[in-house]
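One structure is given below, encoded as structure tokens.
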Amino acid sequence: MTRTDRRESKAGWFQKPAPLKAVQSSLRPDELLVEYVLSEPHSYCVWISKTRAGVKALSAGRQQVEELTRKYLDETRAKRDDIGISKQLHSILLSPLLQETTGERLVVVPDGILNLLPFDTLRDQTGSRCLKG
């Protein structure tokens, strides 16, 4: 039985987290689910694949991630492409996770300001977009 099969109210869905095995069974073999938790002095990313799971400490805390994200969003809204900021965000948010997957699909559960960040526009250290939008 899945959560959508139950006759619970939506509020009841969020009282208990889904068991890891249930999340893994819902993922495709080529998917990696990543959930960000912004905090100080470090932020974290919980990752789950079809067969594995873990937690990565990111190289920046909430304040730095928020500042970089605001700058990147300002540049994007102004229709400017600041590759430097894009590379920094990619290095902090995505690089530590890409070694955990050979998959094609990334399912992002953002935290805070990351809800506004278009992850598929970030560029790796070579300047390439490594995620498909």
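The values are calculated or read from the model by the stated rules, or taken from the named source; none is laboratory data. Model, not experiment: these values are computed from the prediction. With ideal geometry, Cβ positions are generated from the backbone for all residues, glycine too; neighbour counts draw on all protein chains shown. Accessible surface is based on the protein model in full, side chains and every heavy atom, while ligands, DNA and RNA are left aside. Shrake-Rupley method; radii C 1.70, N 1.55, O 1.52, S 1.80 Å.
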Work out how much length Glu66 to Leu20 would gain on full extension: take 0.36 nm times their residue separation and subtract the Cα-Cα distance, in nm to one decimal.
-> 13.7 nm
Which sequence of Lys71, Lys79, Lys56, Lys21 reflects their accessible areas, 1.4 Å probe, from the largest down?
-> Lys79, Lys21, Lys71, Lys56
Could you do me a favour and compute the accessible area per residue for region 38-88, 1.4 Å probe, result in Å²?
-> 59
Enumerate the calculated ³J(HN,Hα) couplings along region 34-49 in order (Karplus 6.51 cos²θ - 1.76 cosθ + 1.60, θ = phi - 60°), each rounded to whole Hz, writing x wherever the residue is Gly or Pro.
-> 10, 10, 8, 10, 7, 7, 10, x, 10, 9, 9, 9, 8, 10, 9, 10
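If we count every other residue with Cβ under 13 angstrom of Thr76's Cβ, Lys/Arg +1 and Asp/Glu -1, where does the sum land?
Charge balance near Thr76 sits at +1.
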Portion, in percent, of the accessible area of region 35-101 that falls on carbon or sulfur, probe 1.4 Å | 48
